[in-house]
Amino acid sequence: MTGTGPAGPVLIGVGVGPGDPELVTVKAVRVLSRADLVLVPVLAGAGVADAGLAGAGVADAGLAGVGLAAAEPGRAEATVLAHVHHGRVRRVAFALTERAGRARREAAWDGAADEVAKAFAEGAATVAFATIGDPSVYSTFTYLAAGARDRVPGLTVRIVPGITAMQDLAARSGTVLCEGTESLALLPLTAGLPRFRAALEQFDTVVGYKSGRHLPEVLDVVRDMGRLAGAVHGASLGLPGEDIRPAAEVTGPAPYLSTLLVPARRTTRGGKL
């Protein structure tokens, strides 16, 4: 698929689900398999032991000082490599946690966009960026696409949707997200406790992403509002070390990429129709 072709350069954000390689759409696998280059995000500055990916078809994006070759593979990369074996997968550094400063985040976004522009300049027609969950929901793809548009004239941006952690946690825990006329709110718990409390007051089902170190304080709010019964905590969904349990049983901080599901109050079948 080399050469820009009549449609011009195409950048595709591909949702690969929350971590379970089986929760990837047929379309996602097709796009990842055919793309001239597949970019996968890794944590900028990650300096961990070699992940044993030699020969797995993952290249270092060449960003100085970020240690990409030695970085631990992220969920998106691991999922991609479960389906794609063409050797055209390249890592790009992103500041993936809330503690990264704005300047560091901007530098990572610009570096990733430069990689996209470089790939098209070298003759690629299609570049895919794999992101956990869905590219339209709290995804790093948003920032990459904005930077790439500034660098690549005539760029077409497309999206392949993916299964979200919210959906996966609901399925694995047997929790109904919403029914009838119920409302549903999704927000990052990094937005602060006042916004989370307001969501619990205004919406039926509330889902919070990125529980992390905020989880104990968040659960205090859920408890104070009488919504703890039925609430579910989930982390590492579909992966080794998966943790799904009633939120009432969680006593400390959680991994950054954790999900909290607070379902609507229901008393009768079909009561919200």
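Please enumerate the residues belonging to segment 212-233 that are under 30 Å from Ala82 (Cα atoms) and either assigned to a helix (DSSP H, G or I) or in contact (Cβ under 8 Å) with a residue 40 or more places away in the chain (or both). Spell out the reasoning first.
If we filter segment 212-233 for residues that are under 30 Å from Ala82 (Cα atoms), which is where we start, we get 212, 232-233.
Result: Gly212, Val232.
Closer than 23 Å to Ala264 by Cα, in contact with a Pro (Cβ under 9 Å, 6 or more places away or on another chain) and among the hydroxyl-bearing types (Ser, Thr, Tyr): is that true of Thr205 in this structure? Write out each step before concluding.
Values: closer than 23 Å to Ala264 by Cα: yes; in contact with a Pro (Cβ under 9 Å, 6 or more places away or on another chain): yes; among the hydroxyl-bearing types (Ser, Thr, Tyr): yes.
In short, yes.
Suppose we keep only residues that are surrounded by fewer than 16 Cβ atoms within 10 Å (Cβ to Cβ) and of a type in the set (Val, Ile, Thr) within segment 162-198. Which one would you say is farthest from the chain's Cα centre (by Cα)?
Top of the filtered list is Thr181.
Would a scan of segment 203-226 turn up a residue that is of a type in the set (S, T, N, Q) and open to solvent by 10 Å² or more (accessible area, probe 1.4 Å)? Show your work before the answer.
Within segment 203-226, the first condition is being of a type in the set (S, T, N, Q), and the residues that meet it are 205, 211.
Now narrow it down to the ones that are open to solvent by 10 Å² or more (accessible area, probe 1.4 Å): none.
The answer is no; no qualifying residue exists.
For segment 144-160, check the following and say yes or no: at least one residue is open to solvent by 30 Å² or more (accessible area, probe 1.4 Å) and within 11 Å of the chain's Cα centre (by Cα).
No.
Taking segment 234-273 on its own, how many of its residues are surrounded by 14 or more Cβ atoms within 10 Å (Cβ to Cβ), over 17 Å from the mean Cα position of the chain (by Cα), assigned to a strand (DSSP E or B) and of a type outside the set (A, V, I, L, M)?
Residues flagged as surrounded by 14 or more Cβ atoms within 10 Å (Cβ to Cβ), over 17 Å from the mean Cα position of the chain (by Cα), assigned to a strand (DSSP E or B) and of a type outside the set (A, V, I, L, M) within segment 234-273 amount to 1.
The values are calculated or read from the model by the stated rules, or taken from the named source; none is laboratory data. Everything quoted here is computed from the prediction, not taken from an experiment. Cβ sites come from the backbone with ideal geometry, for glycine too, and all protein chains shown count toward neighbours. Ligands, DNA and RNA are excluded from the accessible area calculation, which covers all protein heavy atoms including side chains. Shrake-Rupley method; radii C 1.70, N 1.55, O 1.52, S 1.80 Å.
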